[in-house]
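Just below is one structure, and these are the notes that go with it.
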Amino acid sequence: MTLVAFPRAIMFADVSGSTELYEKLGDKPAKKAIGLCLNELRGISGKHQGQVVKEIGDELMVMFGKAETALQAAAEMQQRVTALPQIAGVKLAIRIGFHFGPVLEDEEKKGDFWGDTVNTAARLAGLAKASQVLTSSDTVETLPPSQRVSLRDLGALSVKGKQEGVHVFELLWGDAEDATQLVGRGSGARRDTASSTRLESKLTLRAGGRTLVFPSDKKVLVLGRDKICDFVVEEKTASRRHARIERKGLQYFLVDESTNGTYVAVEGAREVLLSRERLLLGERGKIALGTPSSTASESIDYECS
């Protein structure tokens, strides 16, 4: 056996909800429906120069030449599957894990790959929840800055088969268009208009009948219960100085500094919890201090334009 090693991004994409679908539809109809979902993932993989290595039950293993194309494919996969209609009342979702590093292949037996990179990618996919994309800090270091801003640091997580925890990042794919220009909304003309407007770097916050436009002479806005904050929220779960919004160039970042965390729902994506973390704000969404927006007495609507 002659082994060769080369750097590649390995992705595992697993269909979630298949068990319930099999129970409701039976084997053949469910297998057909899941097969159609996997075909969507195959098409997206090819679009981003990915090679489908194999299909393992309801899961695909895909290899990419670069981490950045793997990230682009992962975001589009999630967006596409989220847009699919329910089947017999079941909403399919996918869990994705990918990792970039050296991959081993037998020169005499082409087409199968193994090694620590493959194992780590598989473990990350196993850690991911439905509609979640996870990757490693080693992978993040190979990404361009324009893509790193769409990732949330989850810290070191325990991974089966690893003596030490793996430093994991989550791709916030719902706002990937803003961070990496993966998938545009609407026509090209609309994107051009949005781009030219974005140059003004305007952020507007609204809550309880109050409106605040991020002052042009400021770099940071402070949110919280304390009356000296720039934007005061009457929410019992909020800290006195709960979070800050930083302007860097044409982008705005929300930074949590609180006890209970900050909940953010970027339009088009599920709500996420920030705990002493930072998040690039998308075009518009909702911010809740210390409690999910569904239970908050007062949340903040924001819009970047």
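The values are calculated or read from the model by the stated rules, or taken from the named source; none is laboratory data. These numbers were taken from a predicted model, which means no experiment stands behind them. Positions of Cβ are generated from backbone atoms using ideal geometry, with glycine treated the same way; all protein chains shown enter the neighbour counts. We work out accessible area using only protein heavy atoms, side chains counted, and drop any ligands, DNA or RNA first. Shrake-Rupley method; radii C 1.70, N 1.55, O 1.52, S 1.80 Å.
Assorted remarks:
- Cβ-defined net charge surrounding Arg225, 12 Å radius [Lys, Arg +1; Asp, Glu -1]: 0
- Applying both filters, DSSP loop and at most 12 other Cβ atoms within 10 Å, to the chymotrypsin sites (Phe, Trp or Tyr not before Pro) of the range 238-305 eliminates every site.
- For the range 91-152 versus the range 29-58, the inter-centroid distance based on Cα atoms is 16 Å.
- Angle in degrees between helix 188-198 and the longest Cα principal axis of the chain, rounded to the nearest 10: 40 degrees
- Positive minus negative residues near Ile44 (Lys, Arg vs Asp, Glu; Cβ under 14 Å): +1
- Computed over the chain, the per-residue total of -39500 (n - 2.57) for DSSP H runs of n ≥ 4 gives a 222 nm mean residue ellipticity of -8000 deg cm²/dmol, rounded to 500.
- Viscosity 1.567 mPa s, 4 °C: Kirkwood-radius Stokes-Einstein D of the chain over Cα pairs, µm²/s: 62 µm²/s
- For the range 227-270, the convex hull spanned by the alpha carbon atoms encloses 100 Å³ per residue.
- Across Gly46, Gly101, Gly26, mean-square fluctuation computed from a Gaussian network of the chain (C-alpha pairs under 10 Å connected) peaks at Gly26.
- Heavy-atom accessible surface of Ser293, to the nearest 10 Å², is about 40 Å², with a 1.4 Å probe and all protein chains retained.
- In angstrom, the C-alpha Rg and Dmax of the range 38-132 are 13.8, 47.
- Length-normalised contact order for the chain - Cα pairs under 8 Å, 6+ apart - percent: 13 percent
- Between helix 67-83 and the chain: long-axis angle, C-alpha atoms, 0 to 90°, nearest 10: 80 degrees
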